[in-house]
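Structure first, then comments.
The values are calculated or read from the model by the stated rules, or taken from the named source; none is laboratory data. These numbers were taken from a predicted model, which means no experiment stands behind them. Note: ideal-geometry Cβ built from the backbone for every residue, glycine included; neighbour counts use all protein chains shown.
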Amino acid sequence: MFIIKKLSGLLKGCVLLITRLSCKEIIEVSLSSPWTQLHYVCHRHESPLIPREHCSFLHSGWGRSYRFPYHFGDCPPRESLSRTHRVGRARGGKPVQFGIHKLRGLIKQVLLLSILSIIACRTEVPNPPSESELVTAVMARQAGKADSLLTAGASPQSQDEEGTPVLILAVNRGLDDVVKKLVTAGADVNARRAAYFKSTALMEVGVRNNPELAGWLLDQGADLHARDTLGDTALNWAAFYGHEDLVALYLDRGADLLVAGRQGSAIDIALHRGHEGLIQLLIRRGAGKAISPEAKAFIRDVEKGDLDGVATALEKGISPDQTDEIGSPALVLAAGAGQEDVVRYLLRKGADKEAMNRVGETALARAARFGHESVVNRLLSVGVDPELAGEQFGITPLIAAAQTGQTVIIRELIASHVNPDRPEHINGYTPLMLATAGGYADAVRALLAEGASPYVKSYEGAGLYDMLRYSNNAEIGAIIQEALLEND
């Protein structure tokens with residue numbers, strides 16, 4: 001850097017000398033007596049050929065005389081300058097030669113320093129890009145720029161302000177090539193978020209359902225058995241979002257089907273999230289217990305709404321409370337499938353109206369989750385407790401309805417005098433919080449209108465605005481803001 005600055009100064013000096021040598025007239029100015037006048041005039045007129053710093057140089061040479069060039073029109077009129085006709089002499093009595101000789105010396109220095117600067121620039125290592133530059137590029141989905149920054153030396157371990165590794169950010173932005181570039185450049189494939197659930201990249205692949213990338217991460221050493229703060233593995237994350245292909249991949253790679261976190265095992269998560277196709281896949285892959293062929297046929301008729309087949313099975317001795325492989329009673333299955341006639345028939349045959357599946361959902365909760373209004377009304381009419389739920393997960397009918405945005409059923413349940421702020425037992429989320437996270441504006445509006453509190457916090461201290469980050473729904477944000485202002 002010193003060499004470059006020195007070179008710049010010398011080049012500037014050369015330009016100034018060349019300018020002087022091109023002047024049309026040379027005025028000889030004595031520095032002994034008229035100096036003050038010359039300095040004042042030049043400064044006032046701001047002549048480009050005698051800049052202020054040059055005058056300072058002349059002042060340091062007090063008592064000497066030099067030849068100074070002035071372009072016509074650039075400098076003050078000759079009559080305004082006090083001149084002498086004495087040409088000054090330097091030490092030893094020889095006239096000062098200010099021009100070609102001086103320029104030659106400067107040019108030699110410029111050439112020497114040019115060579116040195118080229119050598120220095122080749123060996124000088126530039127500063128690598130900052131972490132924020134790489135994070136910003138990834139957040140903006142600028143794959144090309146992110147690749148260039150990594151090539152230029154950006155750290156593959158970069159994090160955002162919340163401590164989220166750029167690897168996870170790239171996964172969530174769908175930048176598969178950047179993910180691979182980061183890992184190849186040295187990013188920790190098992191790096192975790194500093195906040196939230198302290199999840200890994202492999203877990204968050206489950207949000208986007210990307211089996212190809214998940215397989216690649218596993219090949220690079222991603223830990224399939226790592227758990228987040230809730231105790232969930234990558235398998236449970238995939239089950240939460242209902243991604244059957246990803247679940248199948250993890251099972252093929254050796255994932256443990258029985259590992260349970262705060263939300264339960266993969267089959268539990270699939271149940272209380274309502275992923276029917278995934279439930280069947282998990283049953284085929286070994287979840288639950290085997291049942292007889294006759295019981296399987298009965299369960300199939302219940303879910304399909306084959307009333308004759310159901311009646312025949314009961315006549316042959318099948319219990320109206322028969323369960324499937326994972327412990328879901330026939331009444332709960334019929335309600336979840338919206339089979340009102342089967343529900344009515346099973347109730348008439350003595351089925352337990354408050355029976356629950358393995359995650360503690362009643363037939364009423366299952367019907368509420370899937371929006372089967374007629375089944376909800378039928379069950380309420382026979383006296384099913386509208387707030388009944390299993391102790392482990394606490395999934396009441398209102399919680400189930402809020403999770404899927406069933407606005408009409410929400411109103412019907414609240415009309416049955418349920419507590420609108422009763423939370424589930426997994427995270428302590430209320431129905432209003434779940435509807436907010438799901439992006440169900442009408443359900444949010446209905447819950448607030450029925451008295452749900454916008455101030456309740458989860459077990460971890462999350463509030464409504466924290467839940468809003470999941471849906472990023474501007475309409476819901478406005479609804480919440482209006483409700484808070486009204487309460488204030």
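Here are the numbers:
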quantity	calculated
Odd one out for residue 404, checked against (1) touching a residue at least 40 places away in the same chain (Cβ under 8 Å); (2) more than 31 Å from the chain's Cα centre (by Cα)	(2)
The listed residue being assigned to a loop (DSSP other than H, G, I, E, B) and at negative phi, out of 395, 410, 414	395
Checking residue 375 against (1) touching a residue at least 40 places away in the same chain (Cβ under 8 Å); (2) assigned to a loop (DSSP other than H, G, I, E, B); (3) out of contact with any strand residue (DSSP E or B) (no Cβ under 9 Å at 6 or more places or on another chain), the condition it does not meet	(2)
Evaluation of residue 471 against (1) crowded, with 24+ Cβ neighbours inside 10 Å; (2) modelled with pLDDT under 95 (one fails), failing number	(1)
Check on residue 308, closer than 23 Å to residue 377 by Cα and surrounded by fewer than 19 Cβ atoms within 10 Å (Cβ to Cβ)	no
Residues within the range 378-392 that are in contact (Cβ under 8 Å) with a residue 24 or more places away in the chain and not in a loop (DSSP other than H, G, I, E, B), tallied	3
Within the range 457-488, tally of residues that are of a type in the set (A, V, I, L, M) and over 24 Å from the mean Cα position of the chain (by Cα)	4
Residue satisfying condition, being in contact with a strand residue (DSSP E or B) (Cβ under 9 Å, 6 or more places away or on another chain) and more than 21 Å from residue 265 (Cβ to Cβ), within set 365, 351, 337, 402	351
Qualifying position, being outside any loop (DSSP other than H, G, I, E, B) and either over 19 Å from residue 445 (Cα atoms) or modelled with pLDDT of 95 or more (or both), among 352, 341, 421	341
Odd one out for residue 400, checked against (1) in a loop (DSSP other than H, G, I, E, B); (2) within 15 Å of residue 447 (Cα to Cα)	(1)
Contacts under 9 angstrom Cβ, first residue in the range 203-224 being under 13 Å from residue 235 (Cβ atoms), partner of a type in the set (S, T, N, Q) and outside any loop (DSSP other than H, G, I, E, B), 6 or more apart	203/236; 206/236; 222/200; 223/200
Number of positions in the range 216-236 that are small (Gly, Ala, Ser) and buried (at least 17 other Cβ atoms within 10 Å of the Cβ)	2
The range 407-426 - residue that is in contact with a Gly (Cβ under 9 Å, 6 or more places away or on another chain) and without any contact (Cβ under 8 Å) to a residue 40 or more places away in the chain and, of those, surrounded by the most Cβ atoms within 10 Å (Cβ to Cβ)	424
Test: residue in the range 294-307 that is under 30 Å from residue 246 (Cβ atoms) and touching a helix residue (DSSP H, G or I) at 6+ places or on another chain (Cβ under 6 Å)	yes
Qualifying residues in the range 200-223 (those that are in contact with a helix residue (DSSP H, G or I) (Cβ under 8 Å, 6 or more places away or on another chain) and small (Gly, Ala, Ser)) - the one farthest from residue 159 (Cα to Cα)	215
Subset of the range 424-439 that is assigned to a loop (DSSP other than H, G, I, E, B) and of a type outside the set (Phe, Trp, Tyr) - its residue that is nearest to the chain's Cα centre (by Cα)	439
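Residue-by-condition table, conditions (1) among the small types (Gly, Ala, Ser); (2) farther than 23 Å from residue 360 by Cβ; (3) modelled with pLDDT under 95; (4) touching a Phe, Trp or Tyr at 6+ places or on another chain (Cβ under 6 Å):
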residue: 381; (1), (2), (3), (4): yes, no, no, no
residue: 384; (1), (2), (3), (4): no, no, no, no
residue: 389; (1), (2), (3), (4): yes, no, no, no
residue: 403; (1), (2), (3), (4): no, no, no, no
residue: 448; (1), (2), (3), (4): no, yes, no, no
residue: 459; (1), (2), (3), (4): no, no, yes, no
